[in-house]
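One structure is given here, and the rest of the page talks about it.
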Amino acid sequence: MILREFLRLSSKHRTIYFYLLLWILLIFLGMYKYVSSDSTNSAFLPKSFYSNKISFENKRKDSEKIEKYRQRYCNNINSLNLTSEDEGGFIEGWTLQGVILLIRHGDRASLVHVRDIHSIDCSYEHDQNIIKYRNYLLNSSLMNPNNGNNNGHVSWNRQGPFHGFPLLPADLRACLLGQLTYKGISQLLHIGELMRHAYANALDLLRKPVPIPPPRTNNNTESHLQFTGADEIVVYSTRYRRTFQSAMALLFNLLPNDRWHNLQIQESHSLAFCFNDCACANAEHLKKMMSRESSRDYTNIPAVASLVNLIGSSLLQIQDAPVFNPLDVRDALLMYVCHNQELPCQRNSHQSTTQPQHEIESNDIIDLDDSQHLPDSTTNDGDDDDMEEAINDKPTENCVEDGLIEALLAYTNSYEVRESNNRNKIIERALRAYGLIRNIVGFMLKMISGDKTKFVLYSCHDQTLQFVLAALGLIEQSSYIPYATRFAFEVYRSDKDNQFYYRAVYNGKDVTRLISFCIDGKSLRVKRGRAQSAYLCPIENIIRFIHDDYFSMMNATNFKDACLPQTDRNSYF
């Protein structure tokens, strides 16, 4: 009936209806293009987020996928022993001259305030490594007993920038804001075992130090004793408890106790370990530019903004936060995921709450890593409307379920991969890494020139490793840096012709051939053990890279010129 009436009218006004149908067709084509584009950008989101109301009725569990993310983000102890087959070992015809090791600190508590944080158990007392280490520290007369044996408060007694720093977390169970957990201590103790197996014998690190008498003119002989081999091991740490404690835990299982007690820990004043090459205006410009872009990255997709806000309202104790930062939310979420804690349900979760005042000791140092925070987001009116609608549609009880975890982690992973492949981000990270790579090359030259230095440790942060990996062309590895990540440079001398090469091993995997100046036949394949092979890159390649080629992608020849302020974002294209 309707169709017949439509045909009758169309015969009278054929021209008008022709244009009307054409206009409707164009509208449908436009809507199809928009939906296709939005679904491409939001492929990681649950289907429920495309409905008019966000539903939490779907209780489907996907424990296998959550376990996959747990392995990726948490670097659990059982995975550490499975990824060490490429480190160290015997290489026929080659002698190990030295090792330069970069690590990220171990598992820590969130850097943002989490609701009901007291309900999360961050203990890890069942690990035998923890029991051995803690008992040794509590019973050692060489440690400085700070407040007796209360909660394991023992501190480093050597003179230097870390004198008096605690060697253990302040509490066995509690998750203190930004502080290392006992799981983090356990991770580094296990890595220390791996490093001992891989390098200790080859570098002769297990011998006991011999005391050297002080000069005769010094009256205080006891406090100025020196030991042979003290200059063979160089250790750097930023002035944060979690990096210092991570370094000491690793070295405890790598070295004999006598050598461990006589370590001299040097302080890096920069998170980038940039030493004399820190100030760089262009790096700051690129960072701000990328921050502005990233702040719009997720708010432009209403479904993603709703996802982040819904999880954040259950996890974060932030007063009147209209939009939650996705990396902040992930940081809080990992406390539950990495410690196998039951996911929270928050009643009336979008009501504002006041942020509690945490009692922090005067020597507690909180580090709010920049890499864990996107800039404060700014949204337009349309985004605000979408966010308000999502909040109003929330149920009274907001439960974080496996599907929501999977969606959030998939989104943040996608964001970090895109960021790592962004040309401007690569340039910024390379500028940040220049001082540290120069320092690394300097230690390589010492190792091949007969200097006593055999082992160098940088105990650092995720950003530090991201900078170095990006500068070396290891873009895939630089997207997310798990807790207790390790990156080793092994320096070798050929027994045949006295040539020097090095090998790069990332979390137990040989990545030498992936480095930008070691690819395309620039690496040497050698035998390593039975039916195994390794790849060695000439040290002259990295020397040439740092002196001649480092700034080529920046249209500059030196650090000073590359750091000149840039106002045109396309200046490198």
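The values are calculated or read from the model by the stated rules, or taken from the named source; none is laboratory data. Keep in mind that what you see is a predicted model, and the values were worked out from it rather than measured. As a convention, Cβ positions derive from the backbone with ideal geometry for all residues, glycine included, and neighbour counts pool all protein chains shown. Side chains are part of the model used for accessible areas, which takes the heavy atoms of the whole protein and leaves out ligands, DNA and RNA. Shrake-Rupley method; radii C 1.70, N 1.55, O 1.52, S 1.80 Å.
For the reader, a short list of remarks on this structure follows.
- Matching residues in the stretch 92-116 - criterion: being open to solvent by less than 40 Å² (accessible area, probe 1.4 Å) and either more than 22 Å from the chain's Cα centre (by Cα) or among the hydroxyl-bearing types (Ser, Thr, Tyr) (or both): Gly93, Trp94, Leu96, Gly98, Ser110, Arg115
- For the stretch 158-176, a residue qualifies if it is aliphatic (A, V, I, L, M) and either under 15 Å from Leu137 (Cα atoms) or not in a loop (DSSP other than H, G, I, E, B) (or both), and the qualifying residues are Leu167, Leu168, Ala170, Leu172.
- Selection status of Leu368, among the aliphatic types (A, V, I, L, M), modelled with pLDDT of 50 or more and either in a helix (DSSP H, G or I) or open to solvent by 20 Å² or more (accessible area, probe 1.4 Å) (or both): no
- For Glu540: the one exception among (1) over 21 Å from Gln266 (Cβ atoms); (2) part of a loop (DSSP other than H, G, I, E, B): (2)
- Residue pairs meeting the criteria (Cβ under 7 Å; at least 6 apart or on separate chains; first in contact (Cβ under 8 Å) with a residue 40 or more places away in the chain, in the stretch 154-174; second basic (Lys, Arg)): Pro161/Arg239; Phe165/Arg241; Pro166/Arg241; Leu168/Arg134
Table: residues versus (1) open to solvent by 10 Å² or more (accessible area, probe 1.4 Å); (2) assigned to a loop (DSSP other than H, G, I, E, B); (3) modelled with pLDDT under 95; (4) in contact with a helix residue (DSSP H, G or I) (Cβ under 9 Å, 6 or more places away or on another chain).
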| residue | (1), (2), (3), (4) |
| --- | --- |
| Gln466 | yes, no, no, yes |
| Leu469 | no, no, no, yes |
| Phe489 | no, no, no, yes |
| Lys496 | yes, yes, yes, no |
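- Taking the stretch 181-208 as the range and being open to solvent by 10 Å² or more (accessible area, probe 1.4 Å) and of a type in the set (A, V, I, L, M, F, W, C) as the test, the residues that pass are Leu194, Ala198, Ala202, Leu206.
- Of the residues making up the stretch 506-533, those that are in a strand (DSSP E or B) and in contact with a helix residue (DSSP H, G or I) (Cβ under 8 Å, 6 or more places away or on another chain) number 1.
- Hey, Leu436 surrounded by 23 or more Cβ atoms within 10 Å (Cβ to Cβ) and within 12 Å of the chain's Cα centre (by Cα) or not: no
- Qualifying residue in the stretch 498-510 (condition: without any contact (Cβ under 8 Å) to a residue 60 or more places away in the chain, closer than 20 Å to Gly98 by Cβ, more than 24 Å from the chain's Cα centre (by Cα) and buried (at least 19 other Cβ atoms within 10 Å of the Cβ)): yes
- Flag: Phe500 does not match the condition of being touching a Gly at 6+ places or on another chain (Cβ under 7 Å), at pLDDT 95 or above and under 20 Å from Ile437 (Cβ atoms).
- In the condition set (1) open to solvent by 30 Å² or more (accessible area, probe 1.4 Å); (2) in contact with a helix residue (DSSP H, G or I) (Cβ under 6 Å, 6 or more places away or on another chain); (3) in a helix (DSSP H, G or I), Lys452 is compliant with all but (3).
- Any chance Glu85 is open to solvent by 60 Å² or more (accessible area, probe 1.4 Å), in contact with a Gly (Cβ under 8 Å, 6 or more places away or on another chain) and at pLDDT below 90: yes
- Listed by first and then second residue, the pairs with beta-carbon distance under 8 Å, at least 6 apart or on different chains, first residue in the stretch 199-212 and of a type in the set (Gly, Ala, Ser), second open to solvent by less than 60 Å² (accessible area, probe 1.4 Å) and not in a loop (DSSP other than H, G, I, E, B), are Ala200/Leu254; Ala202/Leu96.
- In the set (1) open to solvent by less than 10 Å² (accessible area, probe 1.4 Å); (2) within 25 Å of Asn76 (Cα to Cα), the condition left unmet by Tyr480 is number (1).
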